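Just so you know, all these numbers are worked out from the coordinates, no wet-lab data involved. These numbers were taken from a predicted model, which means no experiment stands behind them. We place every Cβ from the backbone using ideal geometry, glycine too, and count neighbours over all the protein chains shown.
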């Protein structure tokens, strides 16, 4: 007998008969986001490649970490190549100077850089890619976006894409030190069967999301579901002393992105304390680390992503790094146990947020197969069971 989760995608094509059995083969024959075993198969088949070769440590439960190449270009402004140009076609007229990354280099706050990545793609016609900054990148207020040849949008590559990959990097508050091999963003891959239509095959609709919540519990208590799982901000103190979050200090110094646990919190962050009114005024262009009121869960069969900025709920942005891996906050038979950390920046005007106010939403996608290893299971996951937590660079 099928449970509610099993029924959600009943009727979708499950397997292609001429593909041999096995977890990777099943994962590559179904619709949805590809798990780690399918990524390994794509790497083995040359559809995902790197110079130097891709390392096992880059492979996450449902994504691949991308590595910076040997050089960075300081550019005048952000750009997209569009459907008729390569990135290098546009780069020549925008480059200020070239920076060698092989021995490490500082990327200055407020500047825009373009870096060719070590990875390149040669995807089959049914597979597309979409990218996001890594969690630690977003929590440093470093804005990164994937760019690829002949693409007219950031952070995505179309089905069947063949070519190089680049990342745009703009440190917003802290200057950062990077080097060849540093990992600032990550890419997921989505597969559709040839006869399917729709931009996001495998996306879980609200009706199905309510069924998943009823079956396994996505948050503790009642879930607010509207175009995804709605998240509320927590401005009730999470610790003694009224601490509700952190505000980044400007001109605090350089953060080496590969140096874990090396920096004193007080040098880079001011603590945010609130009294009984549980309201916070977001100052324009300041960067805050706050937390969701809900503890959330991503069951093993799914991945989640924080939805993009929504002007309908206020002139602020609540995330830079949006990927939530399968197994995040998940413990079978227990209440979900991990807060969503919110990277919050008010835009042009001061904006008041209040405890319990909806500030963002998670959208869920079906995986084509449960990953071989889940988030938090022996893979060095820094943010499992997190509460209010800064990036891994701070001790």
Gain in length, residue 266 to residue 84, computed as 0.36 nm per residue apart minus the alpha-carbon separation, to one decimal in nm? 60.7 nm
Decide, for region 206-366, between rounded, prolate and oblate: order the square roots of the alpha carbon gyration tensor eigenvalues as a ≥ b ≥ c, take rounded if a/c falls under 1.5, and otherwise choose prolate if a/b is larger than b/c, else oblate. prolate
With a Förster distance of 45 angstrom and the Cβ-Cβ distance between residue 349 and residue 100, calculated FRET efficiency to the nearest 0.05 equals 0.65
For the pair residue 77 and residue 250, how long in nm is the line joining their label points, each one 7 Å along Cα→Cβ? 2.3
Taking R0 as 22 Å, what's the FRET efficiency between residue 193 and residue 154 from their Cβ-Cβ distance, rounded to 0.05? 0.25
Taking the mean number of other Cβ atoms within 10 Å as a proxy for protection, how do you rank 80-86, 58-64 from highest to lowest? 58-64, 80-86
Those residues of region 178-194 whose amide nitrogen sits under 15 Å from the label point placed on residue 258, 7 Å along Cα→Cβ: 178-185
Gaussian network model of the chain, Cα within-10 Å springs - most flexible of 51, 236, 27: 51
Return the single residue from 94, 235, 184 with maximal mean-square fluctuation; model: Gaussian network over the chain, springs between Cα atoms under 10 Å. 94
Taking a ≥ b ≥ c as the square roots of the eigenvalues of the Cα gyration tensor of the chain, is the shape rounded (a/c under 1.5), prolate (a/b larger than b/c) or oblate? oblate
Does region 25-191 come out rounded, prolate or oblate by the C-alpha gyration tensor, with a ≥ b ≥ c the root eigenvalues, rounded set by a/c under 1.5 and, if not, prolate when a/b is larger than b/c and oblate if not? prolate
Over the chain, the sum of -39500 (n - 2.57) across DSSP H runs of at least four, divided by residue number and rounded to 500 deg cm²/dmol, gives at 222 nm -2500 deg cm²/dmol
At 0.36 nm per residue, and after removing the present C-alpha to C-alpha distance, how many nm does the segment from residue 51 to residue 177 gain when stretched out fully? 43.2 nm
Among 56, 108, 227, residue whose mean-square fluctuation peaks in a GNM of the chain (springs only between Cα atoms under 10 Å): 56
Length released on extending from residue 243 to residue 200, taking residue separation times 0.36 nm less the Cα-Cα span: 11.6 nm
